[in-house]
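Here the structure comes first, spelled out in structure tokens, and everything after it is commentary.
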Amino acid sequence: MAESDNIVVETAEKIFADLADPQTINNDKKGAWQAPLWQALSEAGLPLSWVADDLGGSGASLADGFALLNAAGRFAVAVPLAETMLAGWLLAQGKIASPQGEMTVLPANPRDRITRDADGALSGSCRGVPFAKAAKHFAVLAHGNDGVSIALVDAGKARIEAGLNVGYDHSDSVTLDKVQPVTIKPAPDGVSQATLMLMGGVARSLQIAGALESMLDISVRYSNERVAFEKKISKFQAVQHNLARLAGESAAALAAATSAADAIANAKSFDDEIYLEAASAKIRCAEAAEKGGGIAHQVHGAIGFTMEHILHRYSLRALAWRDDFGSESYWAVELGKLVASRGADELWPLVASR
Amino acid sequence: MTAALRFDPIRLPEKCEQLRKEVRAFLAEEAARGTFDASKPNREDTDVPEFCRRVGERGWIGMTWPKKYGGQERSFLERYVVTEEMRVANAPTRRFFVADRQSGPVLLKYAPEHIKMDILPRICKGEVCFAIGMSEPNSGSDLFAAKTRATKTDGGYLINGTKIWTSSAHIADYMIAIFRTSPPTKENRRHGLTQFLVKMKEPGIKVNPIGQITGQYEFNEVVFTDHFIPDDHVLGEVDGAWKQATSELAYERSGPERFLETYYVLTELVRAVGPNPDTRSAEGIGRLVAQLHTMRRMSVSVAGMLQAGKEPVVEASIVKDIGTVWEQQLPHRVRDLAAFVDETATNRETLQRQLDFAIKTAPKLTIQGGTTEVLRGIIARGLGLR
Ligand SMILES: Cc1cc2nc3c(=O)[nH]c(=O)nc-3n(C[C@H](O)[C@H](O)[C@H](O)COP(=O)(O)OP(=O)(O)OC[C@H]3O[C@@H](n4cnc5c(N)ncnc54)[C@H](O)[C@@H]3O)c2cc1C
């Protein structure tokens, strides 16, 4: 995932640099930056990266889309880019064309469930749905008596209760009460709620890793500017060691996330090995968000605790992203059960298979 | 970005998987013949010369070295696979591993041709054991405070002084050591150290075993009294060993042996909890596996960088830092979870025995090969803070 030779990432980074400067966004309390940014991303075809041309998208590879999400994480952008990408991807699994405009996916939490009646109507409640309030459509994964379906739903037909996550982004409750979808198709073999959670989890992992890269970057820079006791604080060994640990957490998050992305991009199906990669990425990135974010704040002192400073754009968002598509505890339990069910002698072969 | 710390998702090529199968089959054979017991990391007989010879016969020592010195000219990634399989199986590699990992590469770089031709093929056959003489009683982290003197004499040098914490010195045939050939200069306190090849079983060398808190004897004090080293045993530049020694240490870091030393307790815990663990055990195992998987991906990535001819000094230090801290905490996490294991689990005793040993092993993990604080200093330098 080298940035330089990836046209999708290059395009995105140009747009982010022009329209998503963290300080400008942070100063703009009215949110005027959002519309131009979303428009530029849409014109470049980025929100529908994972949708083939014939289904209305731009047909980028999974790998390029994942790299794009990592870049979005480095800017901590707060527009439904990842959500629309995931929604487009899910719809494409059901061969459903994507409409234009903001989308998000239901459910965004492994324990929530949408069910489908015999007559095709969808019902169920989902918590913590990112950007539901901003979405024009939902891509829904639903369970019926005859299996799993994928549906496109008009957001206007849902009951939405607005909420905010710890990163101050919309994280809403959505209820479908016998809603007739715009389109509904059976999901292909191998696409299940777990698959959606793993895809979403890897998307979030890449965003968290990106946010940590930026936290390392601004923390190192700050430590080289801030003077205390007549020295730059970067000269204190304790500060250096904290930053070395932050570098480790950032590197671990990025390694886990990019490895999982690479695994999915090259996978034929979501087998145990992909499960190990994706679950590990979400667990390890969430841990890194906690440890690494803590250090970034420590290095910044009080200034980093202010709304004026950009640090919180990364730190709080990285913390919030831990909760979407399964928290680290959720995935740890699931991964632990998988490992236990395969047995002790299969643990090393599983790890070494990657 | 300040630090482009990217760990690309290198995958091991197909021929590594074939090799992995061969190594596993070999280790299963050895275990079956009673050479070692994978469930017993604390066994007494960690030095098994015949095992080393058989590993050598397979071509798995010095495998990346040129064929003319007995190597196989295979890739770092292939070597990686052999190292991790040996480590996970708790195979008795002590006799050859230091030579394979670091002494051999140092000789390849700095030894005169006739010495290379003499020693390297024997290393590859698993017949030679090396020790590393860097630390001294007053110079561990601060390598450049080393005082053991090498005084020029006719045709060579006379060595006087003491090395300490020298792993395997009691079984070693050779040591690669740094000695002081001149005082440090005002401008450069690293000046004045020279690297030597020491033949261990010669007059003027006394090896005194030092007991470890695990109950084992693996490191030693090595006292030199007018020990003679011939001129052609100088490795590299006289007075300039600091460059060599620091690059040598890079071989010591980031390999799979840097996070797998206490791995066995995790396998044993999975065995003890059985196929249907309670939630707390499942979560604990899941987290540890996620952390292990992540580190291994980072470590494989560094092996890929080495294969590509890069010098990933900071990346390797990060893997060693995270890796040793992890393997140090691992037995404590497993102990915590083991409290919930059913007393009737058939491997309860094995798990307890392993835990006791791993908990005693843990304190050394962040010390050997350079302490965590020193590594973090290297990482900080890589970040541009020093
Ligand atoms: C099991 C084992 C095997 C070993 N095998 C070998 C071997 O084969 N050959 C060999 O040469 N050596 C070997 N060593 C020695 C090892 O490399 C040293 O122990 C290590 O370099 C630390 O040196 P020290 O023990 O003198 O500790 P010290 O250098 O005295 O350090 C004590 C503490 O102070 C900290 N400290 C020191 N300097 C600084 C600093 N500048 N900033 C912050 N903190 C600092 C250290 O991190 C450490 O926590 C082995 C050690 C162990 C435990």
Check: What do you reckon, is B:VAL238 over 30 Å from A:SER205 (Cβ atoms) and not small (Gly, Ala, Ser)?
Finding: yes
Checklist line | Hits in the stretch A:100-118 (condition: touching a His at 6+ places or on another chain (Cβ under 9 Å) and either open to solvent by 30 Å² or more (accessible area, probe 1.4 Å) or at positive phi (or both)) | finding: A:GLY101, A:GLU102, A:ARG113, A:THR115, A:ARG116
Next item on the list: Could you check, for the stretch A:295-316, whether at least one of its residues is facing chain B (nearest Cβ under 9 Å) and open to solvent by less than 10 Å² (accessible area, probe 1.4 Å)?
Entry: no
Next item on the list: Assess whether B:ILE115 counts as being away from the ligand (no atom under 16 Å from the Cβ), open to solvent by less than 30 Å² (accessible area, probe 1.4 Å), at pLDDT 95 or above and more than 14 Å from chain A (Cβ to nearest Cβ).
Entry: yes
Note to self: Need pairs with beta-carbon distance below 7 Å; first residue more than 14 Å from every other protein chain (Cβ to nearest Cβ) and away from the ligand (no atom under 12 Å from the Cβ) and within the stretch B:210-226, second among the polar types (S, T, N, Q) and outside any strand (DSSP E or B); sequence gap 6+ or separate chains.
What the structure shows: B:PHE224/B:THR148
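The rows are residues; the columns are (1) free of Cβ contacts under 8 Å to residues at least 12 places away in the same chain; (2) among the basic types (Lys, Arg); (3) more than 30 Å from B:ALA316 (Cα to Cα); (4) in a helix (DSSP H, G or I).
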| site | (1), (2), (3), (4) |
| --- | --- |
| B:TRP326 | no, no, no, yes |
| B:LEU337 | no, no, yes, yes |
| B:THR346 | yes, no, yes, no |
| B:LEU351 | no, no, yes, yes |
| B:LEU355 | no, no, no, yes |
| B:GLY369 | no, no, no, no |
| B:VAL374 | no, no, no, yes |
| B:ILE378 | no, no, no, yes |
Next item on the list: Could you name every one of the strands (runs of 3 or more DSSP E) located completely within the stretch B:123-206 that has at least 2 residues being within 15 Å of the ligand (Cβ to nearest atom), more than 14 Å from every other protein chain (Cβ to nearest Cβ) and among the small types (Gly, Ala, Ser)?
Entry: B:130-133, B:156-167
Checklist line | Residue list for the stretch A:335-352, restricted to those being touching a residue at least 40 places away in the same chain (Cβ under 8 Å), more than 7 Å from chain B (Cβ to nearest Cβ) and over 17 Å from B:ARG87 (Cβ atoms) | finding: A:LEU338, A:ARG342
Notebook entry, point to check: Can you spot a residue in the stretch B:73-83 that is more than 16 Å from the ligand (Cβ to nearest atom), open to solvent by less than 50 Å² (accessible area, probe 1.4 Å) and under 21 Å from B:ASP232 (Cβ atoms)?
Noted result: no
Next item on the list: Please find, within the stretch B:98-112, the residue that is farthest from the ligand (Cβ to nearest atom) out of those that are open to solvent by 20 Å² or more (accessible area, probe 1.4 Å) and over 24 Å from B:ILE378 (Cα atoms).
Entry: B:PRO112
Next item on the list: May I ask you to say which residue of B:THR344, B:THR371 is within 15 Å of the ligand (Cβ to nearest atom) and surrounded by fewer than 22 Cβ atoms within 10 Å (Cβ to Cβ)?
Entry: B:THR371
Checklist line | Every pair of residues 6+ apart whose Cβ atoms lie under 7 Å, when the first sits in the stretch A:318-334 and is within 14 Å of another protein chain (Cβ to nearest Cβ) and farther than 16 Å from A:VAL129 by Cα while the second is open to solvent by 30 Å² or more (accessible area, probe 1.4 Å) and part of a helix (DSSP H, G or I) | finding: A:SER329/B:GLU283; A:ALA332/B:GLU283; A:ALA332/B:ARG287; A:VAL333/B:THR279; A:VAL333/B:GLU283
Check: When B:VAL289 is evaluated against the numbered criteria (1) surrounded by 23 or more Cβ atoms within 10 Å (Cβ to Cβ); (2) more than 19 Å from A:ASP272 (Cβ to Cβ); (3) facing chain A (nearest Cβ under 7 Å), which criterion, by number, is the only one it fails?
Finding: (2)
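The values are calculated or read from the model by the stated rules, or taken from the named source; none is laboratory data. Note that this is a predicted model, so its numbers are computed, not measured. Every residue, glycine as well, gets a Cβ built from its backbone with ideal geometry; the counts of neighbours run over all protein chains shown. Ligands, DNA and RNA are excluded from the accessible area calculation, which covers all protein heavy atoms including side chains. Shrake-Rupley method; radii C 1.70, N 1.55, O 1.52, S 1.80 Å.
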